[in-house]
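Take a look at the structure set out below.
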Amino acid sequence: MDFNDTPEEAAFRTEARAWLAENAQDYKQRPATPRDDDTLVRLGKAWQAKKMDAGYGAIALPKAVGGRGGTPMEAAIFAEEEGRYHIPSGAFIGIGVGMAVPTISMHGSIEMFKKFAAPTMRGDLLWCQLFSEPAAGSDLAGLRTRAVRDGDDWVVNGQKVWTSWGHVADWGLLIARTDPSLPKHKGLTYFIVDMKTPGIEVRPIRQPTGRSEFNEVFLTDVRIPDANRLGEINGGWKVAMTTLMNERVGSGGGSGAEASGFKALYSLARKAARHEGQGLANAAVREKLAHFYAIEQGLKNFRYRNMTAVSRGESPGPNAVLGKLISASNMEAMAAYAMELEDYAGIVAGNDIDPAQDSVHFAMLWCAVLRIAGGSDEVLRNQLAERALGMPGDIRVDKDVPFDQLPVGR
Ligand SMILES: Cc1cc2nc3c(=O)[nH]c(=O)nc-3n(C[C@H](O)[C@H](O)[C@H](O)COP(=O)(O)OP(=O)(O)OC[C@H]3O[C@@H](n4cnc5c(N)ncnc54)[C@H](O)[C@@H]3O)c2cc1C
């Protein structure tokens, strides 16, 4: 037991640990080379199906809809235990299970839920989130993709961007503007769209890591049946909030990634101590490691406090965003310090290098995304200022103006 689990939670943790020890053997070690997308998706789907069969695939969803009927705390405990392994998973599973299913269950028809929930929870159907656009990210309600009614269909034109796993997704969660004469939050409608519909073009965006996990998606005269609408016409903002709330829950505050970053850093510092006055043999390095360790412990205990609040049926409150805010910049700082410790070796890449070294190189190039995705640092700070500290709100002069009267909407 890692912290003050209730007896029921401790029993669940023991059960989950035993199941993982038996079933996740293949993922105990970090793979020698990063998995390519095809392998990752194939293994990730198989792992999700295995979890579903064992009752761990959708822990917090009610039994009536195919979940385990467990608590959010049990879901968090399982994620924490799973985080000890190098599981082939990622947003390509999380968007479907953690965002599409809860959104459809809250706003979709029963038929829609019956059609999509089970295959999504097994990992057979993959989803992507078609929200952000070139001029609409933090200010999502400024989006310009248009959907125009034509008989029983809607015809959609526009462009989305940063669409994670859009290149492997079967279905997309789409928000589009259906009435530009309304203020920006009010003229939006939410749809689900089959990614194989004619007129959808997915173009990969290459990241500094060499991978292309996200994409640009161009929509030209894409026809979506009205039956695939979620919620009211022009009521899409409310539906989008359900999706975003579930995204925040999924990305809020690390589940061991912080600890694995520290472990890699510590392992490098220990190896460097083979040379006199280097690595752990150097007092300045030890001091810096103690600093990162203290932050890591603080984050862990902060996460536990939030989890405890959730398990008591309370809200973790507006301070919860601190977890992501601190953890993202701390991971970046640890990766940068690890590169410093490596000196010239920091520029070496390839399959033959130490796995800890390889993981910090990847982290260095990758973890900047953590400070943007799921709410940028500045946006989270605004939330803290307004909701936790009660400071005056951000200035929003365009909030009640019809979208087509704004410069961006003309
Ligand atoms: C790895 C990754 C995966 C993603 N996956 C998806 C996906 O699958 N689907 C999807 O729809 N989107 C996705 N996104 C997009 C993500 O939601 C946006 O990048 C994010 O909302 C920020 O929007 P933006 O990039 O347009 O930046 P902007 O909103 O233009 O922000 C630019 C800068 O201005 C700052 N800023 C903006 N508004 C304010 C303000 N009011 N006050 C102070 N500062 C402000 C920001 O903090 C930032 O520094 C992903 C992003 C990343 C990095």
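The values are calculated or read from the model by the stated rules, or taken from the named source; none is laboratory data. Note that this is a predicted model, so its numbers are computed, not measured. Note that we place each Cβ from the backbone using ideal geometry, even for glycine, and neighbour counts take in every protein chain shown.
Could you say whether any residue in segment 165-185 is of a type in the set (Ser, Thr, Tyr) and within 22 Å of the chain's Cα centre (by Cα)?
No, every residue in segment 165-185 fails to be of a type in the set (Ser, Thr, Tyr) and within 22 Å of the chain's Cα centre (by Cα).
The rows are residues; the columns are (1) in contact with a Leu (Cβ under 9 Å, 6 or more places away or on another chain); (2) more than 20 Å from Ala345 (Cα to Cα); (3) outside any helix (DSSP H, G or I); (4) basic (Lys, Arg).
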{"position": "Tyr266", "(1), (2), (3), (4)": "yes, no, no, no"}
{"position": "Arg270", "(1), (2), (3), (4)": "yes, no, no, yes"}
{"position": "Val285", "(1), (2), (3), (4)": "yes, no, no, no"}
{"position": "Tyr293", "(1), (2), (3), (4)": "no, yes, no, no"}
{"position": "Gln297", "(1), (2), (3), (4)": "no, yes, no, no"}
{"position": "Lys300", "(1), (2), (3), (4)": "no, yes, no, yes"}
{"position": "Tyr304", "(1), (2), (3), (4)": "no, yes, no, no"}
{"position": "Ala309", "(1), (2), (3), (4)": "no, yes, no, no"}
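Taken together, the criteria place Ile372 among residues that are under 18 Å from the mean Cα position of the chain (by Cα) and surrounded by fewer than 16 Cβ atoms within 10 Å (Cβ to Cβ).
For the structure I just gave you, tell me whether Ser212 is more than 24 Å from the chain's Cα centre (by Cα) and at pLDDT 85 or above. No.
In segment 158-177, how many are part of a loop (DSSP other than H, G, I, E, B), under 20 Å from Met112 (Cα atoms) and β-branched (Val, Ile, Thr)?
0
Considering segment 138-156, the residues that are more than 14 Å from Asn234 (Cβ to Cβ) and assigned to a loop (DSSP other than H, G, I, E, B) include one that is nearest to the ligand (Cβ to nearest atom), namely Ser138.
For segment 82-104, the set of residues classified as away from the ligand (no atom under 16 Å from the Cβ) and either more than 30 Å from Thr14 (Cβ to Cβ) or of a type in the set (Phe, Trp, Tyr) (or both) consists of Tyr85, Ile104, listed by residue number. Looking across Pro180, Pro204, Pro208, one residue alone is assigned to a loop (DSSP other than H, G, I, E, B), of a type outside the set (Phe, Trp, Tyr) and surrounded by fewer than 16 Cβ atoms within 10 Å (Cβ to Cβ). It is Pro208.
Being part of a strand (DSSP E or B) and either touching a residue at least 60 places away in the same chain (Cβ under 8 Å) or among the small types (Gly, Ala, Ser) (or both) is the filter here, so list the residues in segment 183-201 that pass it. Correct list: Pro183, Tyr190, Ile192, Val193.
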